Amino acid sequence: MTLDLAYAPSDALANVRGSAIRDLLKLTEQPNVLSLAGGLPATELIPAQRISETAARVSADPAALQYTVSAGVMSCREVVADYVGVRDVGQVLLTHGSQQALFLLAHALLNPGDLVVVDDPVYVGALQVFQSVRARIRALPITAHGLDVDLLRRWLEAGERPRIIHTVSNFHNPAGVSASRSTRIELARLADEYGFLIIEDDPYGRLRFAGRSIEPIAAHSDRVVLLGSASKVLAPALRVGWMSGPPDVIGLVERLRQGVDLCGSTFSQLVVAELLADHTWFAEHIDVIRQEYGSRAAALTSALRETLGGRVTFTDPEGGMFCWVRMPGVDTSALLLEAVAAGVAFVPGAAFGVEADFGDCLRLSFATLTPDELAEGVRRLAVAVAVLDRG
Ligand code: PMP
């Protein structure tokens, strides 16, 4: 029986583009397909034993299973303030993953038609949030040095007035690159001059396996809300993320949050607080992830160089989970069908395009497969390219 409820989506929801990636993941879940498509951290590197011991200890106290305040459990806010280098705990609010931080910020601060600037290619979860408030969206190309601040300056000089600029500063999803120090300083300067707010989305910054870390944009301006998350460093299912930023923005988000889900999970936040506060354990744990991702990234890029060298250009990852590949002359959406037939999956670049097309690009994740599987995945990708060439 089907119910004819005749409900149409709200205007706001009608404006949200469905995630092509979610749909694609279904295709790639077939057995025998090596998936470089996902955006998940490696399951075997989640510290399950340590989390379960901590969870057992924490939940022995019934207070850990009670509601908490909307800004989050104070002891966890303090640990997170220390983790992100913020002095005032009033600048920190805990969320249900950093995705919720994006949602809360957009709904607390934006009206329909407000201009929001995002990255091109974009983190699709951010695009969906800004579409859900019916913002006017423009997208700045991501260059090798992060978002194109020169173009942004020209837009501003021509009279564009963004309310918010969202950017992924480290190991971009999907573009793989990080913003240089000068990009960060210039973006912060422009925020101060033109009065927009920067949402600096940084779930991957701790996953650096090469090169030197760079101070966040937030170090250069007060007009920045910095987002972080336990998802990639501990476990996504804990659903603990955070924002740190100006206390007045935090206050608005706190007010909105009461009507969204009252509060986050006291229990999860206490578990995360214990794990992040054990500096020795956490440093060792994160080193293991970094080393493993580093060798996986190296296996992927050397396979790309050896197997597809003449056909592709790609970013050389220094951290995070993604490698962004360009295959001039190849329609990567068409390639995906051949690739799945050959037993490998990726996300076509078109899924991430806002103003640009990226039809000849693809995102490869190196986080979840072993070096041997990654090499085999690239071999299968080359088979698919050869089939497409013949077709
Ligand atoms: N921002 C970016 C750039 C991401 O890639 C992701 C997840 N893939 C998120 C935010 C949201 O992550 P979470 O809600 O698990 O913290």
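The residues listed here are G391, G329, G359, G319; of these, the one that is closer than 20 Å to Y204 by Cα and of a type outside the set (K, R) is G319. Here the condition is being of a type in the set (G, A, S) and assigned to a loop (DSSP other than H, G, I, E, B); of G90, G39, it holds for G39 alone. Those strands (runs of 3 or more DSSP E) of segment 95-176 in which 1 or more residues are away from the ligand (no atom under 16 Å from the Cβ) and touching an Asp or Glu at 6+ places or on another chain (Cβ under 6 Å) occupy 136-143. R212 fulfils the conditions (1) more than 16 Å from the ligand (Cβ to nearest atom); (2) among the basic types (K, R); (3) under 24 Å from P47 (Cβ atoms) except for a single criterion, (3). Checked against the criteria, W281 counts as more than 15 Å from Q99 (Cα to Cα) and either of a type outside the set (D, E, K, R) or buried (at least 21 other Cβ atoms within 10 Å of the Cβ) (or both). Of all residues in segment 215-259, those that are within 13 Å of the ligand (Cβ to nearest atom), part of a helix (DSSP H, G or I) and not small (G, A, S) total 2. Candidates in segment 119-152 are the residues that are without any contact (Cβ under 8 Å) to a residue 40 or more places away in the chain, of a type in the set (A, V, I, L, M) and in contact with a His (Cβ under 9 Å, 6 or more places away or on another chain); of these, the one that is surrounded by the fewest Cβ atoms within 10 Å (Cβ to Cβ) is I142.
Kindly indicate which of D82, D88, D61 is surrounded by fewer than 20 Cβ atoms within 10 Å (Cβ to Cβ), under 22 Å from R223 (Cβ atoms), more than 18 Å from the chain's Cα centre (by Cα) and among the acidic types (D, E).
Values: D82 fails: under 22 Å from R223 (Cβ atoms); D61 fails: under 22 Å from R223 (Cβ atoms).
So the residue among D82, D88, D61 that is surrounded by fewer than 20 Cβ atoms within 10 Å (Cβ to Cβ), under 22 Å from R223 (Cβ atoms), more than 18 Å from the chain's Cα centre (by Cα) and among the acidic types (D, E) is D88.
Among residues of segment 1-23 that are among the small types (G, A, S), those with a beta-carbon under 7 Å from a residue that is at pLDDT 75 or above and assigned to a helix (DSSP H, G or I) at least six positions away or on a different chain give the pairs A12/S132; S19/V124; S19/Q128; A20/A351.
The values are calculated or read from the model by the stated rules, or taken from the named source; none is laboratory data. What you see is a predicted model, and the numbers here were worked out from it, not measured in a lab. Cβ sites come from the backbone with ideal geometry, for glycine too, and all protein chains shown count toward neighbours.
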